[in-house]
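This report concerns only the one structure given below.
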Amino acid sequence: MSHLIEKAYNPETFRKHGHELVDQLADYLKVCLKGEGIKALPWKSPDENLNLWETDFSEPSEKNLKEFFASVIQHSNHLHHPKNMGHQVVPPVPLTALTELLSAFLNNSMAIYEVGPISTAIEKIVTGWTASLLGMGKKAGGVLTSGGSIGNLTGLLAARQHQADTDIWEQGTKTEHPLAVMVSAEAHYSIARAVKIMGWGEKGIIKIPVNEQKKIEHRLLENHYQQAIKEGKNVIAVVGSACTTSTGSYDPLEEMAAFCKTHDLWFHVDGAHGAGAALTPKYKHLVKGIEKADSVVVDFHKMLLCPALTTAVIFKNNDYSYETFSQKAFYLLGNQKKDNWYDIAQRTLECTKKMMGVKIYAVLRTYGSQLFSEYITRTYDRTKVLAELIKESEDFQLAIEPEANIACFRYVPRQKNSRELDALNRTVRDRLKKDGTFYIVQTIIDDRVFLRATLMNPFTSKTDFIQLLQAIRDKSPED
Ligand SMILES: Cc1ncc(COP(=O)(O)O)c(C=O)c1O
């Protein structure tokens, strides 16, 4: 008789593999942080990677687990490498990898209290901490959910349920006076997606132009609002970005909050990337006014050092979070009472959910909020160093002064027209990616191609920036 199940659950085997894996990761971290002998991105085309892993996917055998771990590490995008400046994905602080292991093992999925008792309590503490860091007042609170996109949907669902003149959850949407939100033309696409998921269509998104710094032109809100009313729309909310994805620009939240107050509109802030600035003495001015929002989204897997996905959705009045999914599931949730804070699934899209708060709680319990503050301050500061270098170099152009840790710039070697520069920068970025020594991405600003470096790694230094600019020159095609 096979004893495969007993084998798979053998504590000593688990201990051995676990020790091996932690050793491998610690060695990898050491090498990565130095950035020597390893590239930021070990580039392979999608088909090459598929081929590699199809070949690996052979007969089951426990023997080669260590090699499997090593191979996964070797072929991954190396976020802890100082020359990795790609997307807004943080190199997680190592402690959080340990708490992920702990959470995955215990697997106390937390739809209702009794399934995940400690993670439920921890989630309340962590969301309470987030609400107070944003200064949202005593009634504030919220939930953790799986990513900024779902977070934005959650906030806007609550706005709809609270602001619309009928109970849309029960009765569906009406066709007269269709609902709409006002949002910056530069907002993350998850806002438009949330609107479309809610069935309001393209007309449900009123895009407000931005100024030169790519911040919403708040003085245009009034005109667009009046125009929408003339068109028979029912505008229920305004969305602010703190900050935008492409350029890291913070919308003027204070002015937007005042506009919402005047017209009794819900104010939602997408702070997925940059709300954490509230923790830092140096940069908290960027989020002034966030405390007046009705709902705020904060991604812990962006600027708060945690692995994906962990997002907080914080409501100024925590009671509103009970309106988001006004769905009755009596077999699971019983009677939905607002004082029943501990059956969290009644307030989240997820039913089963990971023990999300444990890693945040562990960081706060071990290092305090100072770690977050130092991390954000350092990455924002160093991005300014990169911006200065770009401005000092005649063959580079900075798109806008960075407010956060995102710098957009392009290589402008000599007199070339805009289309040639677009092609040049596309080619350079593609060559950089395939070489893998540096990892940066690209974006479109005012219809032109720009290179985009997001400084997620706190160990990236001025030397790395100097070498990056030189690598870009070296990758430029000869005429
Ligand atoms: C401003 C902003 N909002 C929302 C999102 C979506 O977050 P997630 O990828 O966690 O769904 C992003 C992702 O980059 C973002 O930058």
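The values are calculated or read from the model by the stated rules, or taken from the named source; none is laboratory data. Quick caveat, the model's predicted, so the values are computed rather than measured. Here the Cβ positions follow ideal geometry from the backbone for every residue, glycine too, while neighbour counts run over all protein chains shown. Just the protein is used for accessible areas: all its heavy atoms, side chains included, with ligands, DNA and RNA removed. Shrake-Rupley method; radii C 1.70, N 1.55, O 1.52, S 1.80 Å.
Report the relative contact order of the chain, percent, no decimals, based on alpha-carbon pairs under 8 angstrom and at least 6 residues apart.
It comes to 21 percent, rounded to a whole number.
Find the Rg to Rh ratio for the chain, where Rh is the Kirkwood radius over alpha-carbon pairs and Rg uses the same atoms.
Computed over Cα atoms, the ratio is 0.99.
With all pairs of different alpha carbon atoms counted, what Kirkwood hydrodynamic radius in Å does region 161-300 show?
15.3
Could you provide, to the nearest whole Å², the per residue accessible area of the chain with probe 1.4 Å?
That works out to 49 Å² for each residue.
Got a sec? What order do Tyr225, Tyr320 fall in by accessible area at 1.4 Å, biggest, i.e. largest, first?
Largest to smallest exposure gives the sequence Tyr320, Tyr225.
Looking at region 157-206, which GluC sites (Glu not before Pro) are DSSP coil and have at most 11 other C-beta atoms within 10 Å of their C-beta?
Glu176
Given N residues in region 1-87, what is its alpha carbon radius of gyration divided by 2.2 N^0.38 Å?
1.34
Using only the alpha-carbon atoms of region 393-479 as identical scatterers, what base-10 log of I(q)/I(0) does the Debye formula give at q = 0.13 Å⁻¹?
The Cα Debye sum returns log10 ratios of -0.39.
Please give me, ordered by residue number, the chymotrypsin sites (Phe, Trp or Tyr not before Pro) of region 35-69 that lie in loop per DSSP and have at most 14 other Cβ atoms within 10 Å.
Qualifying residues, ordered by number: Phe57.
Ranked highest first by the average count of other Cβ atoms within 10 Å around their residues, in what order do 119-128, 380-389 fall?
For the peptides 119-128, 380-389, the packing ranking is 119-128, 380-389.
If each residue of separation counts as 0.36 nm, what is the full-extension length gain between Lys174 and Glu217 once their alpha-carbon separation is subtracted?
That pair, Lys174 and Glu217, stretches by 12.4 nm at full extension.
Using the Kirkwood formula on the Cα atoms of region 287-416, what hydrodynamic radius do you get, in angstrom to one decimal?
Every distinct Cα pair counted, the radius reaches 18.5 Å.
Compute the distance from the alpha-carbon center of region 36-55 to that of region 199-226, in whole Å.
42
Checking the table Lys203/Lys292; Lys34/Lys475; Lys416/Lys475; Lys39/Lys434 against a 20 Å threshold on Cα-Cα, which pairs fail?
Result: Lys203/Lys292; Lys34/Lys475 exceed 20 Å.
Would you mind estimating how fast region 388-434 diffuses translationally, via Stokes-Einstein at 37 °C and 0.692 mPa s with the Kirkwood radius over Cα pairs, in µm²/s?
My calculation gives 283 µm²/s for D.
Quick one: net charge of Glu217's neighbours, Cβ under 14 Å, K/R +1, D/E -1?
The answer is -1.
Using mean Cβ contacts within 10 Å as the protection proxy, how do 98-108, 435-445 order, highest first?
Averaged packing, sorted descending, gives the order 435-445, 98-108.
Out of the total accessible area of the chain (probe 1.4 Å, heavy atoms of protein only), what percent is carbon and sulfur?
54
Which value in Å does the Kirkwood hydrodynamic radius of region 128-228 take, with 1/r averaged over all unlike C-alpha pairs and then inverted?
15.4
Near the amide H of Trp266, under 5 Å away, which other amide H atoms are found, from residues 5 or more places off or on another chain, if H is placed in the peptide plane?
Under 5 Å from the amide H of Trp266 lie the amide H atoms of Ala237, Val238, each far enough along the sequence or on another chain.
Note down the nm distance, to one decimal, between modelled labels 7 Å out along Cα→Cβ at Ala258 and at Glu48.
Going by the 7 Å Cα→Cβ label model, 5.5 nm.
Can you list the HN-Hα couplings for region 139-146, worked out from phi with the Karplus curve (6.51, -1.76, 1.60; θ = phi - 60°), rounded to whole Hz and with x for Gly and Pro?
So the J values, rounded to whole Hz, are 7, 6, x, x, 9, 9, 8, 8.
Whose amide H sits under 5 Å from the amide H of Ser393, counting only residues 5 or more places off or on another chain, with H placed in the peptide plane?
none
Calculate one ³J(HN,Hα) per residue across region 272-283 by plugging θ = phi - 60° into the Karplus curve 6.51 cos²θ - 1.76 cosθ + 1.60, and present them in order as whole Hz with x for glycine and proline.
3, 7, x, 5, x, 4, 4, 7, 9, x, 6, 10
Can you give me the Cα centroid spacing of region 380-419 and region 265-323 in angstrom?
28
Which values, in whole Å and largest first, are the semi-axes of the equivalent ellipsoid of region 108-354 obtained as the square root of 5 times each eigenvalue of the Cα gyration tensor?
Here the semi-axes work out to 28, 23, 14 Å.
Count the DSSP beta bridges whose two residues both fall in region 108-354, then state the antiparallel fraction as a percent rounded to the nearest 5.
So the antiparallel bridges in region 108-354 amount to around 40 percent.
Per Stokes-Einstein, at 10 °C and 1.306 mPa s, what whole-number D in µm² s⁻¹ belongs to region 227-358, with the Kirkwood radius over Cα pairs as the hydrodynamic radius?
For these conditions, the coefficient is 96 µm²/s.
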